[in-house]
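Here the structure comes first, spelled out in structure tokens, and everything after it is commentary.
The values are calculated or read from the model by the stated rules, or taken from the named source; none is laboratory data. Everything quoted here is computed from the prediction, not taken from an experiment. No Cβ is skipped: glycine too gets one built from the backbone with ideal geometry, and neighbour counts run over all protein chains shown. Only protein heavy atoms, including side chains, enter the accessible area calculation; ligands, DNA and RNA are left aside. Shrake-Rupley method; radii C 1.70, N 1.55, O 1.52, S 1.80 Å.
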Amino acid sequence: MSIKEDQQQVTLVSSGEWTLSTVQKIEPVLRRVPLDRRIVWDLSAVDEFDSAGVLLFIEYFEHFQKKTKVEPKGYTQSQKEMYDLLMGHTVASVPPRKSSFVRDLGKSAVEGLKDIKDFVTFLGQLFSAVFHALIHPGTMRLKEMTYHIHHSGFNALLIIGLTSFLVGMVIAYQGAVELAKFGADIYIVDTVGISIVRELGPMITAIVIAGRSGSAYTAEIGAMKITEEISAMRTMGFDPYSFLVLPRVFALIISLPLLIFFSDIMGIFGGMVASDMQLNITFSQFVDRLHEVVEVKHYILGMIKGPVFAFVIAAVGCFRGFQVSDNTESLGLHTTASVVNSIFLVIAFDALFSVIYTELNL
């Protein structure tokens, strides 16, 4: 049993006896087969098959098919007949295994750990590509980076501006009701200004970008995976990380802080409009109070979150794109997973920033 790899496919060469006495030695080799490329399974060198060997072949053939394309070749007519016989018997006679809460929980835990392991591997390859790009700046694809800055950043201004404006108005309206009871109307400026620039501006922007651009990254790379464009790139000697991942990561790291700044402005403007309508606080009064209570450090602390959120969103989006297998259902599932994972990680990192800022008295 041997495994031969190249940029386009994995060739699995089976040889010798596939019988009850040898399957325990063969199975560890099958577990090591990489599933990120097409698999060609050559059975021409197999001398003997029995039912145990065929059942082992069926198990791993179905397992490989769930992840990638598998092309068996070199099998004999007797081997095919035994395969058809055992497949028909297995499907007809074995009842489906009943699902249970414990089994589903264990399966989810194993899949989650595998996802974490794969993501750590992806990050290692990504950091290696980043390090190479920093050492050799000429390899950076500035044209593609500019394209993604335009599509991920500039084209998102309208939705981010509208969302932030409405959130600012909501905070001002809700806060005005309570503050008016104590005659502390002017403190609505403190509430809107600090909450927008420190917390809500960065988080709203990151969540919108995760749903808009992060999902687009997954869909684009996933579609390239389905059409085997990524396999073709590897065959021609191009690194997919340098061509597909780095431009998206760098573009989002550059554009997200700028979008956060725009979000802060629109959110505060929404608070100004609501304060004028609800509490009769004029724009000039609002701006004067804003200069007094919102220090520059609050803007900086909010902006620091931008590159971190951008890296998380872009990395998760590209990672899920590379996980897409050769069907459209997988594309939809991984695009959904990309958005959910990105939003969760954005909120988790925002909570971590809040703890750090509190501990440092910032």
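What is the calculated FRET efficiency for Lys66 to Val287, with r their C-beta to C-beta distance and R₀ = 51 Å, to the nearest 0.05?
On the way: r = 60 Å, r/R0 = 1.17.
Calculated value: 0.30.
Here are some values of Rg/Rh (Cα atoms, Kirkwood Rh): (1) 1.10; (2) 1.14; (3) 0.93. Which one was computed from this structure?
The listed entry that was calculated here is (2).
Could you report the accessible area of Ile265 in Å², rounded to 10, computed with a 1.4 Å probe on the protein chains as they sit in the structure?
80
Using a Förster distance of 45 angstrom, determine the FRET efficiency expected from the C-beta separation of Asp36 and Thr358, and round it to 0.05.
The formula returns an efficiency of 0.60 here.
Quickly estimate the mean residue ellipticity at 222 nm for the chain, helices only: each DSSP H run with n ≥ 4 gives -39500 (n - 2.57), and the total goes over all residues, rounded to 500.
On the way: 14 runs with 255 residues, N = 362.
Using -39500 (n - 2.57) per qualifying helix, the result is -24000 deg cm²/dmol.
Given R₀ = 41 Å, FRET efficiency for Arg234-Asp47 by Cβ-Cβ distance, to 0.05?
On the way: r = 34 Å, r/R0 = 0.83.
That gives a FRET efficiency of 0.75.
Which stretch or stretches of the stretch 243-273 have amide N atoms under 17 Å from the point lying 7 Å from Ala348's Cα along the Cα→Cβ direction?
Counting only backbone N, you get no residues.
Using DSSP to define loop residues, name the trypsin sites (Lys or Arg not before Pro) in the stretch 267-333 whose beta-carbon has at most 16 other beta-carbon atoms within 10 Å. Write out the running numbers ahead of the final one.
Numbers: sites: Arg289, Lys297, Lys305, Arg320; in loops: none.
Sparse-neighbourhood loop trypsin sites (Lys or Arg not before Pro): none present.
Mind checking which lysines have their C-alpha under 30 Å from Lys73, skipping anything on the same chain fewer than 8 residues away?
Counting by Cα, and skipping residues close in sequence, Lys73 has these lysines nearby: Lys4, Lys25, Lys225.
Going through the stretch 282-350, which GluC sites (Glu not before Pro) have at most 15 other Cβ atoms within 10 Å and a DSSP loop state? Could the numbers behind the result be given before it?
Working: sites: Glu292, Glu295, Glu329; in loops: Glu295.
Here the sparse-neighbourhood loop sites are Glu295.
Could you give me the ³J(HN,Hα) list for the stretch 160-177, computed from phi with Karplus coefficients 6.51, -1.76, 1.60 and θ = phi - 60°, whole Hz, x at Gly and Pro?
Whole-Hz 3J(HN,Hα) from phi for the stretch 160-177: 5, x, 5, 4, 5, 4, 5, 5, x, 5, 4, 4, 5, 4, 5, x, 4, 4.
Could you check the spin-label model distance between His136 and Lys73? Points 7 Å from the Cα along Cα→Cβ, value in nm.
3.3
So between Ala109 and Ile58, what do we pick up on full extension, going 0.36 nm a residue minus the alpha carbon distance? Can you show the working numbers first?
Numbers: separation 51, 0.36 × 51 = 18.36 nm, distance 2.55 nm.
Contour length minus Cα-Cα distance gives 15.8 nm.
Test of the criteria: in the stretch 25-68, which GluC sites (Glu not before Pro) are in a DSSP loop and have at most 10 other Cβ atoms within 10 angstrom of their Cβ?
Working: sites: Glu48, Glu59, Glu62; in loops: none.
Answer in residue order: no site qualifies.
Out of the DSSP beta bridges found with both residues in the stretch 1-59, what percent are antiparallel (nearest 5)?
Numbers: 4 of 13 bridges.
So the antiparallel bridges in the stretch 1-59 amount to around 30 percent.
Among residues other than Ala210 whose Cβ falls under 14 Å from its Cβ, what is the net charge (Lys/Arg +1, Asp/Glu -1)?
Working: positive: Arg212, Arg248, Lys305, Arg320; negative: Asp350.
So the environment of Ala210 carries a net charge of +3.
Run the simple label-point estimate for Val29 and Asn155 please: 7 Å along Cα→C-beta, distance reported in nm.
Result: 4.9 nm between the two label points.
Could you tell me how many degrees, from 0 to 90 and to the nearest 10, lie between the Cα long axis of helix 101-135 and the main elongation axis, the longest principal axis, of the Cα atoms of the chain?
70
Normalised by the residues of the chain, what does the relative contact order come to in percent, with Cα pairs under 8 Å and at least six apart?
Numbers: 456 pairs, mean separation 70.4, N = 362.
In percent, rounded to a whole number, it is 19.
May I ask you to give the solvent-accessible area per residue for the chain, in square angstrom, as obtained with a 1.4 angstrom probe?
Numbers: 19350 Å² over 362 residues.
On a per-residue basis, 53 Å².
By how many nm would the segment from Thr121 to Leu258 lengthen if fully extended, with 0.36 nm per residue of separation less the alpha-carbon distance? Walk me through the numbers before you get to the answer.
Working: separation 137, 0.36 × 137 = 49.32 nm, distance 3.02 nm.
Contour length minus Cα-Cα distance gives 46.3 nm.
Need the full-extension length gain, Thr336 to Leu166, defined as separation in residues times 0.36 nm minus the C-alpha distance. One decimal, nm.
Full extension of this stretch gives 58.6 nm more.
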